[in-house]
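S.K.: Got a structure here, written out as structure tokens. Questions coming.
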Amino acid sequence: MLRSAINRILLATALIVSSLVGAQAQEHGHEGEAHANHAGEAKATKGKFDVGGMIMHHIKDDYGWEFAHGVTLPLPVILYSKDRGLEVFSSSNLAHGATYNGYKSEHAKIHRVNETGEVDHEAKIYNFSITKNVASLLLSAVILLLVFSAVSRGYAKNKGKAPSGLQSFLEPIILFVRDEIAKPSIGPKYTKFLPYLLTLFFFILVNNLLGLLPGAANLTGNITVTLVLAVITFLIVTFSGNKHYWLHILKPTGVPVALLPIMIPVEIVGVFMKPLSLMIRLFANITAGHIIILSLLGLIFMANNMGGMGTSIAISPVVLFFTLFLNLIELLVAFLQAFIFTLLTAMYIGSAVEEHHDADHGIGYEGTTSELG
Amino acid sequence: MDLLTPDLGLLFWQVVVFLGLFLILRAFAWKPITESLNERENNIQSALDLAEKTRLEMTALKADNEKLLAQARSEREAILRGAKETADKMLAETREKASAEGQRILEQARESMQNERVALVAQMKKEVVTLSLDIAEKVLRKELSDKASQEKLVTDLVSNSRLN
């Protein structure tokens, strides 16, 4: 009882923090866009630094991996089209709007270019490029495999002994996921879902942390990535849902018959809202964090735009202090969001596999409140 | 690659990489790790159980020991009591025997003393008789030198003698 109460408090705190961060990010996002437009115009005339463009460039995907201005790691572009088949070439060929092999990158999308040099929007191209995000994804996968194969070896090596090294560092986190997330949320059937929850937690955590590094990709702040994670959770919940779960949706207990025409659609919407909220929460939180940090750093350049070098140097210490502070917050958010995503996934699975019929009301309510986050 | 529109390429790679990662980690990391953790927890639990069992056994053993000790103590007391009784009895018996023996010896001594006395008296009587006879004889010899005195003496003797 005490544990579930603590979990709820944690969750509530997490939701409040995430909604605050989200709200801030929205403001900053709008500012950023406004500045982007404004600065875009300014750039055309005076060649000033475009903060909004910089921010968008950083949080969006790209064909090459730009670590710093001008230092770009070219990545493979992989295209498939019905008429030309599979094509692979380096992203450096498309840099700065260049046309290569009849392709041109426009607004970060690769389009076919016809003989006259005009972009052909009709041609259907399937783009499987190893973009910056995909490269970061592969990097995180490699890190996870290396780390956890080492941890796994540690368990084989230290059989019957105390854990050591990396193993002892990660064991509390693994135990946390098992004992604080999986066990209380899912119940006795947790073992079946534990591998997914562990993978999910560490995948999100590692990518959140990787995203905080300078010049890194914004993978967990990408809607495609969170979409995939949310859809997998949705599929697991849907396919492991038992009789009680479906019955609860079709005929909620304790609800007067007159309310059923309202409640059943609400419940059905809830089934889809849960993964949707998971998807948007992670995406918004991580992207927001990146936007805030970049906006703060952008203030230096905006000061330069408006007041010259002296102003920008003068405000730098203040901006750096806030950036440092927000980086620490983001560090917290990195863990928090991994925890929330995993905990909510575990709760949704728990509500789907629970045998006890009356007990899933609490989780149902949590599900509804979580959509507010 | 807009902020809010999912991208086909990334979707493809994310599905492939995440599922691959999940399958590999499940087989080569999560399974051995969770198994080892469970095994270790079971070991710890069984060790704790064993300790608890041993503790209970120790308590039982201690109780047994105490019982044995109490038994030994009571036995010792019983033995001591028995020994004391025996000793007392023996002492009493000895004392009784000794006093009886003393009594007997005393009796014997008294008896022998009596005998001695009787013998002594007899002897003395005999001696006295002999002596008296001797004296009498001598006196008589001297006295009875004449006839008259002889007759007087006999008369005296006859009158004075009592048959003892």
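The values are calculated or read from the model by the stated rules, or taken from the named source; none is laboratory data. These numbers come from a predicted model, not from an experiment. Note that we place each Cβ from the backbone using ideal geometry, even for glycine, and neighbour counts take in every protein chain shown.
S.K.: Restricting attention to region A:140-152, which residues are facing chain B (nearest Cβ under 9 Å) and more than 22 Å from the chain's Cα centre (by Cα)?
M.R.: A:Ser149, A:Val151, A:Ser152 - these are the residues of region A:140-152 that are facing chain B (nearest Cβ under 9 Å) and more than 22 Å from the chain's Cα centre (by Cα).
S.K.: Please verify whether B:Ala72 is free of Cβ contacts under 8 Å to residues at least 60 places away in the same chain, more than 30 Å from A:Asn158 (Cβ to Cβ) and either over 31 Å from the mean Cα position of the chain (by Cα) or surrounded by 10 or more Cβ atoms within 10 Å (Cβ to Cβ) (or both), treating the condition exactly as stated.
M.R.: yes
S.K.: If you scan region A:60-85, which residues turn out to be more than 11 Å from chain B (Cβ to nearest Cβ) and buried (at least 17 other Cβ atoms within 10 Å of the Cβ)?
M.R.: Of everything in region A:60-85, those that are more than 11 Å from chain B (Cβ to nearest Cβ) and buried (at least 17 other Cβ atoms within 10 Å of the Cβ) turn out to be A:Gly64, A:Trp65, A:Thr72, A:Leu75.
S.K.: Also, I was wondering about something else. In this structure, is A:Tyr155 in contact with a Pro (Cβ under 8 Å, 6 or more places away or on another chain) and either at pLDDT 90 or above or of a type outside the set (Asp, Glu) (or both)?
M.R.: Here the answer is yes, as A:Tyr155 does meet what is asked.
S.K.: Additional query: Collect the residues in region B:12-64 that are hydroxyl-bearing (Ser, Thr, Tyr) and under 17 Å from A:Pro195 (Cβ atoms), keeping them in residue-number order.
M.R.: Listed by number, the residues that qualify are B:Thr34, B:Ser36.
S.K.: Farther than 30 Å from B:Asn38 by Cα, at pLDDT 90 or above and more than 9 Å from every other protein chain (Cβ to nearest Cβ), is that true of A:Ser105?
M.R.: It is false that A:Ser105 is farther than 30 Å from B:Asn38 by Cα, at pLDDT 90 or above and more than 9 Å from every other protein chain (Cβ to nearest Cβ).
S.K.: Among the residues of region B:1-18, which ones are more than 7 Å from chain A (Cβ to nearest Cβ) and closer than 18 Å to A:Met279 by Cβ?
M.R.: Across region B:1-18, the qualifying residues are B:Asp2, B:Thr5.
S.K.: Only one of (1) modelled with pLDDT under 80; (2) under 44 Å from the mean Cα position of the chain (by Cα) fails for B:Thr86. Which number is that?
M.R.: (1)
S.K.: Taking the condition more than 12 Å from the chain's Cα centre (by Cα), within 22 Å of A:Ile173 (Cα to Cα) and in contact (Cβ under 8 Å) with a residue 24 or more places away in the chain, does A:Phe202 pass?
M.R.: For A:Phe202, the condition - more than 12 Å from the chain's Cα centre (by Cα), within 22 Å of A:Ile173 (Cα to Cα) and in contact (Cβ under 8 Å) with a residue 24 or more places away in the chain - is met.
S.K.: Quick one: count up the residues across region A:111-138 that are among the charged types (D, E, K, R), within 14 Å of chain B (Cβ to nearest Cβ) and farther than 30 Å from A:Leu210 by Cα.
M.R.: Of the residues in region A:111-138, 1 are among the charged types (D, E, K, R), within 14 Å of chain B (Cβ to nearest Cβ) and farther than 30 Å from A:Leu210 by Cα.
S.K.: Follow-up question, since we're still on this one. Need pairs with beta-carbon distance below 8 Å; first residue facing another protein chain (nearest Cβ under 7 Å) and within region B:19-36, second of a type in the set (Lys, Arg) and assigned to a helix (DSSP H, G or I); sequence gap 6+ or separate chains.
M.R.: Taking only residues 6 or more apart or on different chains, the pairs are B:Thr34/A:Arg178.
S.K.: Considering A:Phe339, A:Phe283, A:Phe322, which residue is over 22 Å from A:Leu235 (Cα atoms), modelled with pLDDT of 85 or more and assigned to a helix (DSSP H, G or I)?
M.R.: None of the others qualify; the one that does is A:Phe322.
S.K.: Here's something else I'd like to know. Does B:Glu93 satisfy the criteria of being of a type outside the set (Lys, Arg) and away from every other protein chain (no Cβ under 14 Å)?
M.R.: yes
S.K.: Among the numbered criteria (1) at the interface with chain B (Cβ under 9 Å from one of its Cβ atoms); (2) closer than 25 Å to A:Val228 by Cα, which one does A:Gly160 miss?
M.R.: (2)
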